[in-house]
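Some notes on the structure that comes next.
The values are calculated or read from the model by the stated rules, or taken from the named source; none is laboratory data. If you're wondering where the values come from, they're calculated on a predicted model, not measured in any experiment. Note that we place each Cβ from the backbone using ideal geometry, even for glycine, and neighbour counts take in every protein chain shown. Heads up: the accessible areas ignore ligands, DNA and RNA and are worked out on the full protein's heavy atoms, side chains in. Shrake-Rupley method; radii C 1.70, N 1.55, O 1.52, S 1.80 Å.
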Amino acid sequence: MSALTRLLNRFRRTLLEREFDDEIRFHLEERTRRNAAAGMSPQDAAADALDRFGSVDRAKAGMRSARTVAHPTLAVSASTLVVLSLIGAIYWSSRLPVYDLGAGITAPVPIVTPHPQYTASAMRAKIQGAVRVRCVVRPDGVCGDVTVVRSLDRRYGLDEEALRASRNWRFRPALRAGTPVATRIDLEMRFALR
Amino acid sequence: MRQRRDTLQGTLDLLVLRTLAGAGAMHGTDISDRIAETSCDVLRVEEGSLYPALHRMEEAGWITSQWKASENNRRARYYRLTASGRRRLSEVEQRWTKHVDAVMRVLKMA
């Protein structure tokens, strides 16, 4: 493959990835809007939209494999990401307004959505259900300030596992008048034994 | 297992193609809502699997898409049925009816 073909392929993949993100973002926003119009609170409306969608990673993987030429590429290396998020953390921890979802704010779109892990003792105790985690999605897409708002299990560590997983979620940040802003959202972390 | 997957995927294709056949261009959220609505909430597609299906069907040439402003003026991807999609629909529809008829016959016999 020539350098030019490689470059063009890469360009096409970037375009496709952006379209996937845009399409998913529109869907989640539209679902949230319809939920709210049906009487849900903004938090519930957004949580339900995510819930009905299921795994964003899996959806994107499916879209990617549907488009024959498309392959996942990591445009940014892991170490660059670490450095960027460190800079982000330092920069944004110096106080920023945090918005709640609502008019004039487009919802953040999850991009990386790791599942929480069961602890062995919780599995033995057969605990199932969901932990609701509230977090601030910063303008850099990192999920900070995570707290449990509805606990499932403090004893065997599932609350902790839910927090740990949610810290590793990554988002396309919320936008307000086209600029990334920090938003407060709720995530449902589910634990189910099969 | 392979069989089951194909049947499920075929069902989703059928529902989407049928829904688009009865309307103009629709975006994913509308398609999902329309399927739920017309099935009286019995059929709820997992919305995350709807989009890979749409992209797969577009690659197959059964539907085409276009980015347009939505009713509330957001940029959305709208899908519509193509002529080849219409042919595919009647194919899948026939196969589906045959399948259901067969299952019903077995149920009545037992």
Per the filter on the stretch B:75-101, residues out of contact with any Asp or Glu (no Cβ under 6 Å at 6 or more places or on another chain), within 14 Å of chain A (Cβ to nearest Cβ) and basic (Lys, Arg) are B:Arg75
Regarding B:Glu91, is this residue open to solvent by 80 Å² or more (accessible area, probe 1.4 Å), free of Cβ contacts under 8 Å to residues at least 12 places away in the same chain, within 24 Å of A:Ala49 (Cα to Cα) and not β-branched (Val, Ile, Thr)? no
Looking for something assigned to a strand (DSSP E or B) and under 28 Å from B:Ala76 (Cα atoms) - is there at least one such residue anywhere in the stretch A:147-168? no
Inside the stretch B:33-74, the number of residues satisfying the requirement of being within 10 Å of another protein chain (Cβ to nearest Cβ), under 13 Å from the mean Cα position of the chain (by Cα) and open to solvent by 60 Å² or more (accessible area, probe 1.4 Å) is 3
Filtering the stretch A:161-194 down to residues that are surrounded by fewer than 20 Cβ atoms within 10 Å (Cβ to Cβ), in contact (Cβ under 8 Å) with a residue 40 or more places away in the chain and farther than 20 Å from A:Ile105 by Cα yields A:Arg164, A:Asn168, A:Glu188, A:Arg190, A:Ala192, A:Leu193
When restricted to A:Arg52, A:Arg13, A:Arg33, the only residue away from chain B (no Cβ under 11 Å) and either in a helix (DSSP H, G or I) or within 16 Å of the chain's Cα centre (by Cα) (or both) is A:Arg13
A:His27: passes all of (1) within 19 Å of A:Asp186 (Cβ to Cβ); (2) open to solvent by 20 Å² or more (accessible area, probe 1.4 Å) but (2)
